[in-house]
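Worksheet: one structure, shown below.
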Amino acid sequence: MSQETILQVPVFSDLANLAFNVRREVFVTEQGVPAEEELDEYDLTADHYVLVKDGSVVATTRVIHKEEGAKLSRFAVLKAARGHGIGGRLLAFVLADLKAKGKPHVFMSAQADKIGFYEKYGFHAYGEEYHECDILHRMMKNWDED
């Protein structure tokens, strides 16, 4: 039986370093994002989350706290771990954690081909599509205007 744990981890920790490895594998190696654009100044102040399965970090995301809400970014699941609900469990955990902390407004710059995934968790796309690191993106949020 496999074991799975989801945690928020400090940026200066072994688990965060493993999360950065997951991001590098997904974004730099798999998607061709320039390595110098993958890590940024937000990594030092963001909340970092990892999903650990059978002792290995297989998924990660970070949350940047902004005035308009919590910005979900760098959502990554290792290729070998996809198709088993891991991304959904990580996203549901992060959304519940943010809501419990009084931060229910979450938004993101989502890769266009992942919009359907995020819609399953209450997000809806808005605005025009645009390119970021040569990948088509669209803004998404999980709330309606008040």
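The values are calculated or read from the model by the stated rules, or taken from the named source; none is laboratory data. Keep in mind that what you see is a predicted model, and the values were worked out from it rather than measured. A quick note on method: Cβ atoms are made from the backbone with ideal geometry, for glycine too, and the neighbour counts reach across all protein chains shown. Quick note on the areas: whole protein, heavy atoms, side chains included, nothing else; ligands and nucleic acids left out. Shrake-Rupley method; radii C 1.70, N 1.55, O 1.52, S 1.80 Å.
Listing for the model above:
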read-out	value
Residue (of HIS65, VAL28, GLY85) at the positive-pole extreme of the chain, dipole from beta-carbon charges	GLY85
Carbon and sulfur %, accessible surface of the chain computed with the full protein complex present, 1.4 Å	52 percent
Mean Cβ count within 10 Å, highest first, over the residues of peptides 103-109, 30-36	103-109, 30-36
Above-threshold pairs, the threshold being 25 Å between Cα atoms, out of LYS79/LYS120; LYS53/LYS141; LYS114/LYS141	LYS53/LYS141
Förster-model FRET efficiency, 22 Å R0, GLU129 and GLU37, C-beta, rounded to 0.05	0.70
Accessible area (Å², per residue) of the chain, counting only protein heavy atoms and a probe of 1.4 Å	56 Å²
Size of electric dipole in the chain: Cβ of Lys, Arg +1 and of Asp, Glu -1, about Cα centre, debye, nearest 20	620 debye
Calculated FRET efficiency for the pair ASP54/SER109, C-beta based, R₀ 25 Å, to 0.05	0.20
GLU30 paired with VAL11, simple spin-label distance in nm, labels 7 Å along Cα-to-beta-carbon	2.5 nm
Mean separation of Cα contacts under 8 Å, 6 or more apart, over the residue count of the chain: relative contact order %	19 percent
